[in-house]
Amino acid sequence: MTIKDLIKDPSISEKVSIKGWVKTFRANRFISLNDGSTPKNIQCVVDYEKTDELLLSKINSGASLKIEGTLVESQGKGQSIEVKVENIIILGECDPKTYPIQPKKHSLEFLRENAHLRVRTNTFSSVMRIRSSISFSIHKYFKEKGFFYVNTPIVTGSDAEGAGEMFKVTTLDINNAKLNSKKEIDYSEDFFGKETNLTVSGQLEAESMAMGLGKVYTFGPTFRAENSNTSRHLAEFWMIEPEMAFFDLNDTMELAEEFIKDVLKDVLKECEDDLIFLNQRLIEEDKTKPMNERNDLTLLDKLDFVVKNDFERITYSEAFNILKNCKPNKKKKFKFPINEWGVDLQSEHERFIVEKHFKKPVIIYDYPAKIKAFYMRMNEDGKTVKAMDILFPGIGEIVGGSQREERLDLLQSKIKELNVDEKELWWYLDLRKYGTVKHSGFGLGLERLILFATGMTNIRDVIPFPRTPKNAEF
Ligand code: 4AD
Ligand code: MG
């Protein structure tokens, strides 16, 4: 019996048996017990006069217990039901002197250092339940839309994004590796007989699958060795990459917007208790901040707003004009000034567009070819590609996608122009030789969506064990 079931459908006078961890123990009488099934705790009332003192002394925050008793209407305030305890079994003791998670407010930084225990706190258990729910909704959405779930390799020889931010995979002894005639490591001696790395994206392989299955998606871990120590970057994150045959960029923007809204609608429906808790947490946190740093909307209002309103859609050129003529640019407030068409948009620019100018999610499309990956389809103007990014308030980019270059000759010349390693891409080029079709897809960063759904501000706090530069603990 879980505490969730017990609270949802209580039948008074029923005998219950529950297991969980002690949140608090007050006045030698009131145990607040949680088993992870819900953010709500159940109050268990002990008759201390009839309970062994040694046993009482072991009921500390963090200890695990089995409690048997009777469900009764609560005498006290704050809950409608409680368990009248008849028997307690201490499953695992918890030393209150050394247990890091004390029944008080801890900083998120402190909890990050204790990531193995932080899921016992209200905040992290709520975030992790929401994470689980979102993952499930994502699969549900694609299943209902007729997509097939495919698994693309984690170890690969290609650099899908062409950014060179890869973790090497090798079984060679790096201190004793054999060198070739050019004094480079001889990877023909390595496990796979060639240089391999952890994938930065499953897109290229997903394209191959879409060319036979029509609509597919991947949902898996992705690795990037970019040295960005920011609150938005992980070295290991989870990405969802749908890929659709016969879709153009417009179809893809439609799908991406509907997909995000549907998943958030599901969260609002499925995770009500957790959202109410996180909403309140943010309201409390806001009170400690100066007026100008407080949120305009509560978490629940923000989610509701995104679900109910259309995302703005503008081209890169329109975004460029807005930025070029905006106050912060004219007053030289941007670290990277906007003056020439073609510059990459930095997060300060994206935030201005989303948070100050439109105050809603924005899809920017038709980016300059020079700042985007080799596989994106060239537009008729010969300058821009059919790429799109979805930007969210408070987060920045959460989706990156594009229509793919399906024309062999154009793709080949692009690969040459950008100096992409062509020998690893022979099979990718084959897809353009044998029954090529228009197709498109995008990648959604799971953790970035969870940031938005939970109102958390650091990406390290929405994945159980974050991997970031100089940090691979746990
Ligand atoms: O924009 P990106 O690099 O696009 C791709 O990888 C394409 N192959 C996707 C596709 O078209 N199939 O990454 C997609 C998304 C970003 O918008 C962001 O949400 C997330 O992945 N992302 C990260 N999330 C956390 N930490 C990082 N280091 C991330 N890098 C990208
Ligand atoms: Mg991107």
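Only the coordinates and a few stated rules stand behind these numbers; no lab work does. Predicted, not measured: the structure shown is a model, and the values here were computed from it. Here the Cβ positions follow ideal geometry from the backbone for every residue, glycine too, while neighbour counts run over all protein chains shown.
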- Item | chymotrypsin sites (Phe, Trp or Tyr not before Pro) within region 207-258, DSSP loop, no more than 15 other Cβ atoms inside 10 Å | F246
- Just in region 357-414: which GluC sites (Glu not before Pro) are loop by DSSP and have at most 11 other Cβ atoms within 10 Å? E380
- Query: For region 59-159, what relative contact order do you get, as a whole percent, if you take Cα pairs closer than 8 Å and at least 6 residues apart?
  - Reply: 20 percent
- Which of K143/K359; K15/K104; K8/K58; K370/K438; K66/K97; K182/K372 have a Cα-Cα distance over 25 Å? K143/K359; K15/K104; K8/K58; K182/K372
- Task: Would you give the gap between the C-alpha center of region 327-400 and the C-alpha center of region 289-318, rounded to a whole Å?
- Result: 17 Å
- Across region 3-13, in residue order, what do the Karplus-derived ³J(HN,Hα) couplings come to in whole Hz, using 6.51 cos²θ - 1.76 cosθ + 1.60 with θ = phi - 60° and x for Gly and Pro? 5, 4, 4, 4, 6, 5, 9, x, 10, 4, 6
- Okay, helix-only estimate at 222 nm for the chain: each DSSP H run of n ≥ 4 adds -39500 (n - 2.57), divide by all residues, round to 500 deg cm²/dmol; what do you get? -9000 deg cm²/dmol
- Query: Which pairs break 23 Å Cα to Cα here: K335/K383; K168/K194; K287/K308; K383/K414?
  - Reply: K335/K383; K287/K308
- Query: When you take every Cα atom in the chain, what is the radius of gyration, and what is Dmax, the widest Cα pair distance, in Å?
  - Reply: 26.5, 85
- Note on the structure: Inter-part gap, Cα centre of region 41-85 to Cα centre of region 408-474, in whole angstrom, is 51 Å
- Item | Surface/4 estimate of mean projected area, convex hull on alpha-carbon atoms of region 207-318, nm² | 10.8 nm²
- The relative contact order of the chain, taking Cα pairs under 8 Å that sit 6 or more residues apart, comes to a percentage of 14 percent
- Message: Let me understand region 3-99 better: what is its radius of gyration from the alpha carbons, and its Dmax, in angstrom?
- Response: 12.5, 39
- Whole-number percent relative contact order across region 3-99, with pairs defined as alpha carbons under 8 Å at least 6 apart: 30 percent
- Message: Can you compute the charge dipole magnitude of region 3-99 about its Cα centre, using +1 on each Lys and Arg Cβ and -1 on each Asp and Glu Cβ, nothing else charged? Give it in debye, rounded to the nearest 20.
- Response: 320 debye
- Task: Take region 252-335, drop everything but the C-alpha atoms, weight them equally and run the Debye formula without solvent; then report log10 I(q)/I(0) at 0.16 Å⁻¹ to two decimals.
- Result: -0.90
- Which loop-located trypsin sites (Lys or Arg not before Pro) does region 254-340 contain, where loop means any DSSP state but H, G, I, E or B and the Cβ has at most 16 other Cβ atoms within 10 Å? R294, K331, K332, K333, K335
- Give me the distance in nm between label points sitting 7 Å out from Cα along the Cα-to-Cβ direction at E226 and S347, one decimal. 1.0 nm
